[in-house]
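The values are calculated or read from the model by the stated rules, or taken from the named source; none is laboratory data. None of the values given here were measured: they were computed from a predicted structure. Positions of Cβ are backbone-derived with ideal geometry, glycine not excepted, and every protein chain shown enters the neighbour counts.
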Amino acid sequence: MRLSRFFLPLLKENPADAEIVSHRLMLRAGMIRQHASGIYNWLPLGYRVLRRIEQIVREEQDAAGAQEILMPTIQSAELWRESGRYEDYGKEMLRIKDRHDRDMLYGPTHEEVVTDVFRKNIHSYRDLPKILYQIHWKFRDEVRPRFGVMRGREFLMKDAYSFDLDMEAARRSYNRMFVAYLRTFRRMGLTAIPMAADSGPIGGDMSHEFIILADTGESAVFCHKALLEKPTPESVNYEGDLQPVVDEWTSLYAATDEKHTENHGVAPEDLISARGIEVGHIFNFGLKYSRPMDAVVQTVSDGTIPVQMGSYGIGVSRLVGAIIEASHDDAGIIWPDSVAPFHVGLINLKAGDVETDRVCAEIDARLSAAGVDVLYDDTQERPGAKFATMDLIGLPWQLIVGPRGLEKGVVELKRRATGERYEVSMETAIDRLIAPSSGS
RNA sequence: CGGGGUGUAGCUCAGCCAGGUAGAGCGCCAGCUUUGGGAGCUGGAUGCCGGAGGUUCGAAUCCUCUCGCCCCGACCA
């Protein structure tokens with residue numbers, strides 16, 4: 001993609017409306033623009049990141065045995081009356097009437113809908129277990145949206161729902177999601193720590209929030225420092241017993257400030273006290289919806305029983321902000337390779353110069369042909385402005401091509417995260433950017 | 001939902017107290033110069049001063065109402 005053609009409205013100054021760093025950087029880097037309070041337009045650069053995050057979530061959900069579906073954004077109030085939540089949910093639910101004066105709503109969550117899908121189509125224990133998920137826009141009419149996409153009213157969320165015959169099976173589904181979450185966040189370059197959360201009326205110990213540590217996090221969190229070093233499980237067999245993995249992660253102390261107690265038994269030097277951002281939440285809620293909504297299956301013996309259910313959320317759009325909170329410096333964003341909107345920013349220091357133009361065009365063509373996402377700055381800006389732009393938008397690699405280097409037969413490869421620079425030949429630079437080890 | 005603040009050019013903001021032809025910097029357009037860390041000079045375009053009423057000879061400025069947005073607290077992926 002040539003920068004001269006790319007829709008990338010940058011801001012040099014900090015917008016007055018943005019308080020926290022991720023919000024400021026997302027506006028300055030031309031990723032989003034606000035439409036209304038807590039509601040955003042996603043511009044090309046931001047949307048690319050959103051899609052990459054979404055894809056990682058999707059791949060890990062699929063790997064864990066969940067199946068993707070898509071449910072409606074607009075729901076009928078009927079189902080919510082069945083579950084009893086229509087009256088309970090309060091003003092956060094956006095209520096709408098259609099032309100026939102029927103009560104509708106813009107879905108803040110989908111337990112009712114998915115339970116309805118289940119009960120109408122699955123009737124036998126033989127069809128269990130099932131985990132269904134979607135990646136979908138939701139709307140919660142927050143009293144006070146803030147922090148840009150971290151706390152918007154409209155947000156993209158992955159929500160999964162599990163259906164099991166009994167508690168033992170429900171725990172296995174829960175564990176699948178637990179492990180999938182560890183892997184999902186790790187792939188985005190984040191250290192997400194599962195912390196015990198309020199389990200609600202049922203569910204026992206089966207409720208965890210996944211929290212990433214960031215100075216600007218919304219809540220105070222505490223955890224054993226060993227959790228930060230714990231390696232994420234590789235090559236998981238989701239059909240096997242995942243309980244040991246879950247136990248390993250939950251045996252160490254970790255709690256948000258609401259659940260934090262003094263008698264945690266962690267030595268003071270091992271206790272980390274920090275700020276955290278909730279990026280995921282998993283919990284089992286037993287029969288809460290299956291019983292009132294009559295989602296039952298036939299058992300081995302005669303008779304039917306309601307299914308055990310759980311739900312598993314990931315704040316996909318929130319993650320865009322959360323990753324920036326966890327990965328930036330004074331100059332701008334530092335994208336982890338796995339979610340970066342482009343892999344490399346190719347900087348032509350002297351657009352219009354025959355030789356730099358030729359070399360840049362060749363690099364752009366060869367990298368693109370190899371499947372590497374390139375943002376080629378072919379504009380007439382001065383070098384300083386180009387460097388500042390690339391640093392701001394945070395692409396993992398910058399490939400700098402100028403007349404001065406070309407005279408020596410070199411181009412410059414710069415790693416955004418570390419600032420390391422390498423003067424190498426064009427061939428070497430291309431090879432390194434194509435190599436799998438460089439990220440992609 | 002309580003408390004506070006704010007709306008003036010694309011962005012950041014001044015002007016309002018004390019009414020009298022709407023401003024600056026950045027950005028944008030044109031030209032010349034410049035070209036390895038957000039360049040310089042010259043010229044130019046851009047505003048229903050959030051909206052509606054009112055007071056006044058005259059309102060960005062004073063009054064009333066209204067809408068939007070932001071921040072702090074109580075709630076949430």
Practice prompt. Name the residue, out of A:GLY332, A:GLY310, that is more than 9 Å from RNA strand B (Cβ to nearest atom) and in contact (Cβ under 8 Å) with a residue 40 or more places away in the chain.
Written response: A:GLY310
Worksheet, complete the sentence: A:ALA160 vs (1) modelled with pLDDT under 95; (2) within 13 Å of RNA strand B (Cβ to nearest atom); (3) hydrophobic (A, V, I, L, M, F, W, C): all pass except (1)
Practice prompt. Identify all residues within segment A:29-41 that are in contact (Cβ under 8 Å) with a residue 12 or more places away in the chain and more than 7 Å from RNA strand B (Cβ to nearest atom); write none if there are none.
Written response: A:ALA29, A:GLY30, A:MET31, A:ILE32, A:ARG33, A:ILE39, A:TYR40
Discussion item. Just to check your reading of the model, which residue among A:GLN61, A:GLN67, A:GLN55 is within 30 Å of A:GLY240 (Cα to Cα), modelled with pLDDT of 95 or more and touching a helix residue (DSSP H, G or I) at 6+ places or on another chain (Cβ under 8 Å)?
Written reply: A:GLN61
Worksheet item: Out of segment A:244-269, which residues are at pLDDT 90 or above, surrounded by 14 or more Cβ atoms within 10 Å (Cβ to Cβ) and not hydrophobic (A, V, I, L, M, F, W, C)?
Response: A:THR250, A:TYR253
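Taking A:PHE210 as the residue in question, decide whether it is buried (at least 20 other Cβ atoms within 10 Å of the Cβ), in a helix (DSSP H, G or I) and either within 18 Å of the chain's Cα centre (by Cα) or in the same structural domain as A:LYS259 (by TED's automatic domain parsing) (or both).
Details: buried (at least 20 other Cβ atoms within 10 Å of the Cβ): yes; in a helix (DSSP H, G or I): no; either within 18 Å of the chain's Cα centre (by Cα) or in the same structural domain as A:LYS259 (by TED's automatic domain parsing) (or both): yes.
No, not satisfied.
Identify all residues within segment A:1-23 that are within 10 Å of RNA strand B (Cβ to nearest atom) and either in a loop (DSSP other than H, G, I, E, B) or among the charged types (D, E, K, R) (or both); write none if there are none. I'd like the intermediate steps shown before the answer.
Of the residues in segment A:1-23, the ones within 10 Å of RNA strand B (Cβ to nearest atom) are A:9-20, A:23.
The answer is A:PRO9, A:LEU10, A:LEU11, A:LYS12, A:GLU13, A:ASN14, A:PRO15, A:ALA16, A:ASP17, A:ALA18, A:GLU19, A:ILE20.
Among the residues of segment A:56-69, are any closer than 30 Å to A:ALA214 by Cα and without any contact (Cβ under 8 Å) to a residue 12 or more places away in the chain?
So in segment A:56-69, the residues closer than 30 Å to A:ALA214 by Cα come out as A:56-64, A:66.
Now narrow it down to the ones that are without any contact (Cβ under 8 Å) to a residue 12 or more places away in the chain: A:59, A:62.
So far as segment A:56-69 goes, yes, one or more of its residues are closer than 30 Å to A:ALA214 by Cα and without any contact (Cβ under 8 Å) to a residue 12 or more places away in the chain.
Among the residues of segment A:7-33, write down those that are of a type in the set (A, V, I, L, M, F, W, C) and buried (at least 16 other Cβ atoms within 10 Å of the Cβ).
Filtering segment A:7-33 for residues of a type in the set (A, V, I, L, M, F, W, C) gives A:7-8, A:10-11, A:16, A:18, A:20-21, A:25-27, A:29, A:31-32.
Result: A:LEU8, A:ALA18, A:ILE20, A:VAL21, A:LEU25, A:MET26, A:LEU27, A:ALA29, A:MET31, A:ILE32.
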Worksheet entry | Residue under evaluation A:VAL245, criteria (1) closer than 19 Å to A:MET177 by Cα; (2) part of a loop (DSSP other than H, G, I, E, B), criterion not met | (2)
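What number of residues within segment A:146-177 are among the aromatic types (Phe, Trp, Tyr), crowded, with 24+ Cβ neighbours inside 10 Å and not in a strand (DSSP E or B)?
Of segment A:146-177, the ones among the aromatic types (Phe, Trp, Tyr) are A:147, A:155, A:161, A:163, A:174.
With crowded, with 24+ Cβ neighbours inside 10 Å added as a condition, the list becomes A:161, A:163, A:174.
Now drop any that are not not in a strand (DSSP E or B), which leaves A:174.
Qualifying residue count for the region: 1.
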Worksheet item: Can you tell me which residues in segment A:405-428 are touching a residue at least 24 places away in the same chain (Cβ under 8 Å), surrounded by fewer than 20 Cβ atoms within 10 Å (Cβ to Cβ) and within 18 Å of A:VAL354 (Cβ to Cβ)?
Response: A:LEU406, A:MET426
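Can you tell me which residue among A:ALA220, A:ALA180 is among the small types (Gly, Ala, Ser), within 16 Å of RNA strand B (Cβ to nearest atom) and at pLDDT below 95? Outline the logic, then answer.
Numbers: A:ALA180 fails: at pLDDT below 95.
The unique qualifying residue is A:ALA220.
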Worksheet item: For segment A:400-425, how many residues are farther than 21 Å from A:GLY30 by Cβ and touching a Gly at 6+ places or on another chain (Cβ under 8 Å)?
Response: 4
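So, in segment A:282-292, of the ones that are surrounded by fewer than 20 Cβ atoms within 10 Å (Cβ to Cβ) and in contact (Cβ under 8 Å) with a residue 24 or more places away in the chain, which residue ends up nearest to the chain's Cα centre (by Cα)? Can you show your working first?
Residues of segment A:282-292 that are surrounded by fewer than 20 Cβ atoms within 10 Å (Cβ to Cβ), as a first pass: A:287, A:291-292.
So of that shortlist, the ones also in contact (Cβ under 8 Å) with a residue 24 or more places away in the chain come out as A:287, A:292.
Numbers: A:LEU287: 29, A:PRO292: 32 Å.
Restricting to residues being surrounded by fewer than 20 Cβ atoms within 10 Å (Cβ to Cβ) and in contact (Cβ under 8 Å) with a residue 24 or more places away in the chain, the top hit is A:LEU287.
Of the residues that make up segment A:252-266, is at least one touching a helix residue (DSSP H, G or I) at 6+ places or on another chain (Cβ under 9 Å), assigned to a strand (DSSP E or B) and within 20 Å of A:GLU168 (Cβ to Cβ)?
Filtering segment A:252-266 for residues touching a helix residue (DSSP H, G or I) at 6+ places or on another chain (Cβ under 9 Å) gives A:252-254.
Now restrict to residues that are assigned to a strand (DSSP E or B): A:254.
Now drop any that are not within 20 Å of A:GLU168 (Cβ to Cβ), which leaves none.
Looking for residues that are touching a helix residue (DSSP H, G or I) at 6+ places or on another chain (Cβ under 9 Å), assigned to a strand (DSSP E or B) and within 20 Å of A:GLU168 (Cβ to Cβ), one finds none in segment A:252-266, hence no.
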